[in-house]
1. Given the condition among the polar types (S, T, N, Q) and surrounded by fewer than 19 Cβ atoms within 10 Å (Cβ to Cβ), answer yes or no: does some residue in the stretch 214-235 qualify?
2. Does A155 qualify as being within 25 Å of A118 (Cβ to Cβ) and hydrophobic (A, V, I, L, M, F, W, C)?
3. I'm told F47 meets every condition in (1) in contact (Cβ under 8 Å) with a residue 60 or more places away in the chain; (2) closer than 27 Å to R122 by Cα except one. Can you identify the failing condition by its number?
4. Filter the stretch 282-315 down to the residues that are in a loop (DSSP other than H, G, I, E, B) and either under 16 Å from T6 (Cβ atoms) or within 25 Å of the chain's Cα centre (by Cα) (or both) and list them by number.
5. Give, as residue ranges, the helices (runs of 4 or more DSSP H) completely inside the stretch 173-272 that count at least 2 residues that are away from the ligand (no atom under 12 Å from the Cβ) and among the charged types (D, E, K, R).
Amino acid sequence: MFNVSTIELSAEALRANLAFIRHLVGKGPALCTVVKGNAYGHGIGTFSGLAQDLGADRFAVYSAAEAYELKQQLHNGAGLYIMGDVDGPGLDWAVKHDVSFNVFERARLSQAIKSAQAQGKRALIHLEVETGMHRTGFALEELPQVLETCRLNGATLEVAGICSHFAGAESRSNHLRIQGQQKRFKEALAVAERAGMPIGRRHLACSAGLLNVPGSLYDMVRVGILHYGFWPNDETRLRFCHAHGLTTDPLKRVIRWWSRVMSVSTVPAGGFIGYGNSFQAQAPARIATIPMGYAYGYSRSLSNAGHVLVRGQKAPVRGIVNMNCITVDVTGIDGVEKGDEAVLIGSQGGNSISVASFGDLSDQLNYELLTRLPAAIPRMVVDKHP
Ligand SMILES: *Cc1c(COP(=O)(O)O)cnc(C)c1O
């Protein structure tokens, strides 16, 4: 009720992105849809519900807290997998509900066994191997013993997978490091094979791995950012489009974020707009105020830098982004009035604001700006964007 802004998710766009991803993944490997960070800001419940309707059947989150929230939204039978933080009561909950999770250290392995024993359940675990990311994961030397522990506790543990994560497969400059990771992952698989026990699905690739690292798909691919219609970075987009002779982006943005013009006013030549003196009108200007500020996820770094779309045209942000509103210049746009839709991200009348230009910052910030969109903004599904 009384919303300042709305985020719309396009079913058409997600359907297209899923088809694109599935085509790349091929028939063999399973696709796991990564929805951590509130589904990259798209809204974990709304996004995952839509993805499930469109055929996604496996979801990965970072923490037990996210898994708990998502579990309420998923139909029965969808796979749920925690890649990072799970502990204490969260771990017990995961075991109880057949939610699989990464195990990358001894303490968690023991905890999984204890929890499963206490509940008369079998814990579903993925063994994470350290291959060069140096974040979490069992060292190769520990692996034989870990596998032996798993084998001895076969009644309470099911190894659902063995995995690792690339430390920057989106950039060619990391090529040697990525190659080293592939090599160590192969060694880990050889160790597991020698142990002669089932190790479930082998998985290594994220979006950038899928696109840039041949031979990294194995039995499952964990894909996040591509679902939402973004590339891991621009280099990856250019490489892909060049290799496939594409001149247009095959991905479609799922998100569209809009608010409304709250009032329109006139500023005389020489007038300063908003707090302080960061922007002075050189000529008489028409300024629209939009009730959207840094308190709602519209970054202060967009002061005198961002753009919004009004009546299909780009209106530059003038002055400082306030806590609760921004002022944009609509001087050249005919007939702007109170109540007009103002698009913060996405398309309107043939023009569009990408997250990158919304941020006008480096690629990695796509991930950051998206995930910082407040959870309180209502999300809704639409058939397609205008
Ligand atoms: C975030 C994440 C992914 C997905 O990464 P994208 O670049 O969004 O495809 C895959 N695996 C792990 C372990 C992750 O943390």
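Read-outs throughout are calculated quantities, based only on the coordinates presented, and are distinct from any laboratory measurement. Computed from a predicted structure; not experimentally measured. Please note: Cβ atoms are built from the backbone with ideal geometry, for glycine as well, and neighbour counts cover all protein chains shown.
1. Applying the first criterion (among the polar types (S, T, N, Q)) to the stretch 214-235 yields 216, 233.
Okay, now just the ones that are also surrounded by fewer than 19 Cβ atoms within 10 Å (Cβ to Cβ), so none.
Checked the stretch 214-235: no residue is among the polar types (S, T, N, Q) and surrounded by fewer than 19 Cβ atoms within 10 Å (Cβ to Cβ).
2. Values: within 25 Å of A118 (Cβ to Cβ): yes; hydrophobic (A, V, I, L, M, F, W, C): yes.
Answer is yes for this residue.
3. Every listed condition holds for F47 apart from (2).
4. First, pick out the residues of the stretch 282-315 that are in a loop (DSSP other than H, G, I, E, B): 282-284, 291-293, 297-299, 303-306, 311-312.
Result: P291, M292, G293, G297, Y298, S299, A305, G306.
5. Values: elements: 175-195, 207-212, 234-243.
Correct list: 175-195, 234-243.
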